[in-house]
Amino acid sequence: MDDRVTPGRLLIIGGAEDRCYGAGLLERFVELCGGERARIVLVTAATDAPDEVHADYERVFRKLGVHDTRELRLHGRGDADGDEAASVLTSATGVFLSGGNQSKLRALVGSRVNDLLEDRLDEGLIVAGTSAGATAMGRTMILGGGGSDVSAASVRIGPGLGLLPRALIDMHFGERGRLPRLLSAVALDPDHLGLGLDENTGILVDNDGFDVLGSGVATVVDAEDSTVVHPADEQDPITLFGVRVHLLPVGCKFDFETRTPSIGPAHAEY
């Protein structure tokens, strides 16, 4: 697969999105999926409380006019490679990956479900993910880590679904002070673009770039032209020169080809 995203649309959310009636990010997702004609599949593989999560999102989607919401509860690689999952995804107009523990989503990487999501994005499928479901969309996903140091020990990474190639996505970003973690991840592979998403904040991605939606800020870390020196001990700080950091509030845009942001209207609509 090349380094450009597929022609479908991705809605990547930093977690804790507003789920009240008329909520902007989820309302935009429903609109993109076809409104009342939407057929939404909710993937609850990451959560420890799938019944609760399913009921919560089904209630919100129903209030937004969606009458066809199905849960896809994947317990492991066998389910992710199975015929039932393939059948459910084939008829969907939108897929939503819930939050939870992103380590549980590793079973999907390279699976039949993963392949189907990539193929159906080529056909115009809308795929959204929040929190754990957001970080899984990159070619590499952040599995954990933290602290105030920029070091290899501050982040754990693993393969992601690759729906947004050459991207590292972190969530609950401003609320949990995760800039050091994202910098650490990007320093391990400077070709990746780091995307840190605040809560109730999303990016709507197409083949050219993305628009920022919601109520917070999307942080972009670009180390493509930086100088990185890794210490012998992974606990020691990484030397990192020339990193570009962009803060994009709602309405701003980012262009993948030129790797540049632009200022949008002060009060852009969702």
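Data for the structure
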{"item": "Those residues of the stretch 1-58 which are among the basic types (Lys, Arg), at pLDDT below 95 and in contact with a helix residue (DSSP H, G or I) (Cβ under 9 Å, 6 or more places away or on another chain), in sequence order", "result": "19"}
{"item": "Residue ID - farthest from residue 228 (Cα to Cα), chosen from residues in the stretch 162-182 that are part of a strand (DSSP E or B) and of a type in the set (A, V, I, L, M, F, W, C)", "result": "164"}
{"item": "Single unsatisfied condition, residue 8 versus (1) in contact (Cβ under 8 Å) with a residue 12 or more places away in the chain; (2) loosely packed, with under 15 Cβ neighbours inside 10 Å", "result": "(2)"}
{"item": "Residues (in a strand (DSSP E or B) and either in contact (Cβ under 8 Å) with a residue 40 or more places away in the chain or of a type in the set (Ser, Thr, Tyr) (or both)) located in the stretch 246-265", "result": "253, 254, 255, 260, 261, 262"}
{"item": "All positions within the stretch 196-216 that are on the phi > 0 side of the Ramachandran plot and within 13 Å of the chain's Cα centre (by Cα)", "result": "200"}
{"item": "From 134, 153, 80, residue being buried (at least 20 other Cβ atoms within 10 Å of the Cβ), out of contact with any Ser or Thr (no Cβ under 6 Å at 6 or more places or on another chain) and aliphatic (A, V, I, L, M)", "result": "134"}
{"item": "One residue from 199, 175 being surrounded by fewer than 24 Cβ atoms within 10 Å (Cβ to Cβ), within 21 Å of residue 9 (Cα to Cα) and not β-branched (Val, Ile, Thr)", "result": "199"}
{"item": "Subset of the stretch 86-97 (residues that are assigned to a loop (DSSP other than H, G, I, E, B) and more than 11 Å from residue 43 (Cβ to Cβ))", "result": "91, 93"}
{"item": "Filtered residue count, the stretch 212-225, keeping only those that are surrounded by 20 or more Cβ atoms within 10 Å (Cβ to Cβ) and either farther than 19 Å from residue 180 by Cα or modelled with pLDDT under 95 (or both)", "result": "3"}
{"item": "Residues of the stretch 62-84 classified as in contact with an Asp or Glu (Cβ under 6 Å, 6 or more places away or on another chain) and either of a type in the set (Gly, Ala, Ser) or in a helix (DSSP H, G or I) (or both), total", "result": "1"}
{"item": "Residues satisfying the stated conditions in the stretch 226-245, i.e. in a strand (DSSP E or B) and either buried (at least 16 other Cβ atoms within 10 Å of the Cβ) or touching an Asp or Glu at 6+ places or on another chain (Cβ under 8 Å) (or both)", "result": "228, 240, 244, 245"}
{"item": "Residue in the stretch 84-104 that is touching a strand residue (DSSP E or B) at 6+ places or on another chain (Cβ under 8 Å), of a type in the set (Lys, Arg) and surrounded by fewer than 22 Cβ atoms within 10 Å (Cβ to Cβ) present", "result": "no"}
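The values are calculated or read from the model by the stated rules, or taken from the named source; none is laboratory data. Here the structure is a predicted model, which is why all the values come from computation and not from measurement. In this analysis, Cβ positions are derived from the backbone assuming ideal geometry, glycine residues included, and neighbour counts consider all displayed protein chains.
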